[in-house]
Amino acid sequence: MNTQTTYLASKPHYEILDGLRGVAAVMVIIFHLLEAHSGGSHLNQIINHGYLAVDFFFMLSGFVIGYAYDDRWNRMSVGTFFKRRLVRLQPMVIMGSIVGAAFFYFQKAPCFPAIADTPVSTVLLVMLLGCTLLPLPLKWDIRGWTEMHPLNGPAWSLYYEYIGNILYALFVRKFNKVALTILVVTAGCFTVYRCLTAPTGDIVGGWALNWEQQYVGMVRLMYPFFGGLLLSRLGWLIRTRKRAFWWCSLMVVVVLSIPRIGGEDGYWMNGLYEAFCIICIFPIIVSMGAGGKVTGKRSVAVCKFLGDISYPIYITHYPLIYTYTAWACNHNATIVEGLPYMILAFIGSFVVAYASLKLYDEPVRKWLTDRFLKRKHNQMELAIKEIPRCKK
């Protein structure tokens, strides 16, 4: 009887998908840095569609969840699944909240109007609540941006990631391919409708605890996450023999960098582009990444590094973005004037993420795995061995 860990390790690993997650995370950092100079309008943003990386992350997650867990439910309980997901995701959620609190008072600026009047005790309370990933109502917005995780904005996407995992474990894992296809097609219709009718012509949103933003967040989650799951179950992989990682990376960079389409007079055009990317392009990229192979040593090393750093850098970089945005706001800085500080924030994001990964995340996850997952399974194996066997 093999352990679940051995079982999972015996499966081929999709190194390219790990690397693509890292590429998208890097694009998010660049997008957020340049966003500080956009005046809050995506019409003026240079790396214009960086926010679509979140939808890409959801699709990657759905694909990987299906690949890793779909055929394990005869040997794994729902509780064990939730434990595994908590061990994988929650430690860095806590770190992101702590880093957000540490940088909070360095971000005083007119663009963050609530910071100056927020006492330390409130910041500490919000930090502790942020460690749970529970969404905070608007009365707890200590920044002024209506975020439900005001110390670490991107945590909103992890909130929906958990919702996707819960829906999968409790319900969707039991769906056959037909039922799952109906769910994905329905979710895709909501995605297209939102993209074409959104007030600003994009699918941006999901980070505030009100009905409209929660609706947007669910729309952004449902098609990519369960579309990725369906793609995994169907096994529709595009076999790319050479340079699959580099071709897929180029596609991710191009999709997220395309300038705004349509302008103020054609919001629907930009919405149509985003719907096309989410519905069609992202599944193709995931399929190519899963169907390709990494052969060269350099590609293997790059994919591993980007895969390892992708989640830590995504969940810890935004406090540095807040800080840079405050500096740019206070100095009314142009992109050229802010470039040295942008580079510093970019490098700093990697330093904070890598330190968090090696000094905190990996050791904590190993301890949690040994304490709460391996021990229970070893006890089950021992109990099975002790069952008397009938003589032949």
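When you check residue 229 against the structure, is it in contact (Cβ under 8 Å) with a residue 60 or more places away in the chain and under 20 Å from the mean Cα position of the chain (by Cα), yes or no? So residue 229 passes the test. Residues in the range 280-306 that are surrounded by 15 or more Cβ atoms within 10 Å (Cβ to Cβ) and basic (Lys, Arg) were compared, and the one that is farthest from residue 24 (Cα to Cα) is 293. Checking each residue in the range 184-217 for being under 19 Å from residue 138 (Cα atoms) and within 20 Å of the chain's Cα centre (by Cα) picks out 204, 205, 206, 207, 208, 209, 213, 214, 215, 216, 217. For the range 56-74, the set of residues classified as touching a Ser or Thr at 6+ places or on another chain (Cβ under 6 Å) and open to solvent by 10 Å² or more (accessible area, probe 1.4 Å) consists of 67 only.
Based on this model, can you work out whether residue 147 counts as closer than 25 Å to residue 57 by Cβ, assigned to a loop (DSSP other than H, G, I, E, B) and of a type in the set (Asp, Glu)? Here the answer is yes, as residue 147 does meet what is asked.
In the range 105-119 there is at least one residue matching the filter, namely being outside any helix (DSSP H, G or I), surrounded by 14 or more Cβ atoms within 10 Å (Cβ to Cβ), at pLDDT 95 or above and of a type in the set (Phe, Trp, Tyr).
Which members of the range 24-50 meet the condition of being touching a helix residue (DSSP H, G or I) at 6+ places or on another chain (Cβ under 6 Å), assigned to a helix (DSSP H, G or I) and open to solvent by 20 Å² or more (accessible area, probe 1.4 Å)? Result: 32, single match. Do we find that residue 53 is of a type in the set (Gly, Ala, Ser), surrounded by 19 or more Cβ atoms within 10 Å (Cβ to Cβ) and touching a residue at least 12 places away in the same chain (Cβ under 8 Å) in this structure? So residue 53 fits the description; yes.
With respect to the conditions (1) under 29 Å from residue 82 (Cβ atoms); (2) open to solvent by 60 Å² or more (accessible area, probe 1.4 Å); (3) assigned to a loop (DSSP other than H, G, I, E, B), residue 200 falls short on a single one, namely (1). Kindly indicate whether any position in the range 57-79 is among the hydroxyl-bearing types (Ser, Thr, Tyr), at pLDDT 95 or above and assigned to a loop (DSSP other than H, G, I, E, B). Scanning the range 57-79 turns up at least one residue that is among the hydroxyl-bearing types (Ser, Thr, Tyr), at pLDDT 95 or above and assigned to a loop (DSSP other than H, G, I, E, B). Only one entry in 33, 20, 8 is under 22 Å from residue 291 (Cβ atoms), at pLDDT 95 or above and aliphatic (A, V, I, L, M), namely 20.
For every residue, the table says whether it meets (1) open to solvent by less than 90 Å² (accessible area, probe 1.4 Å); (2) at pLDDT 95 or above; (3) in a loop (DSSP other than H, G, I, E, B).
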{"position": "239", "(1), (2), (3)": "no, no, yes"}
{"position": "245", "(1), (2), (3)": "yes, yes, no"}
{"position": "249", "(1), (2), (3)": "yes, yes, no"}
{"position": "255", "(1), (2), (3)": "yes, yes, no"}
{"position": "259", "(1), (2), (3)": "yes, no, yes"}
{"position": "264", "(1), (2), (3)": "no, no, no"}
{"position": "269", "(1), (2), (3)": "yes, yes, no"}
{"position": "274", "(1), (2), (3)": "yes, yes, no"}
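Within the option set 345, 333, 328, 355, being at pLDDT 95 or above, open to solvent by less than 90 Å² (accessible area, probe 1.4 Å) and farther than 18 Å from residue 38 by Cβ holds for one residue only, 355. Residues in the range 143-194 that are open to solvent by 10 Å² or more (accessible area, probe 1.4 Å) and basic (Lys, Arg): 173, 174, 177, 194.
Cβ-Cβ distances below 9 Å connect the following pairs, each with a first residue in the range 134-152 that is without any contact (Cβ under 8 Å) to a residue 60 or more places away in the chain and closer than 23 Å to residue 86 by Cα, a second residue that is among the polar types (S, T, N, Q) and open to solvent by less than 40 Å² (accessible area, probe 1.4 Å), and a separation of six or more residues or different chains: 149/97. Taking the stated definitions as given, is residue 232 over 30 Å from residue 176 (Cα atoms), of a type outside the set (Val, Ile, Thr), assigned to a helix (DSSP H, G or I) and open to solvent by less than 50 Å² (accessible area, probe 1.4 Å)? Judged against the criteria, residue 232 is not a match.
The values are calculated or read from the model by the stated rules, or taken from the named source; none is laboratory data. Please read all numbers here as calculations on a predicted model, not as lab measurements. Glycine gets a Cβ as well: all are built from the backbone with ideal geometry, and neighbour counts include every protein chain shown. Calculation scope for accessible area: heavy atoms of the full protein, side chains included, ligands and nucleic acids excluded. Shrake-Rupley method; radii C 1.70, N 1.55, O 1.52, S 1.80 Å.
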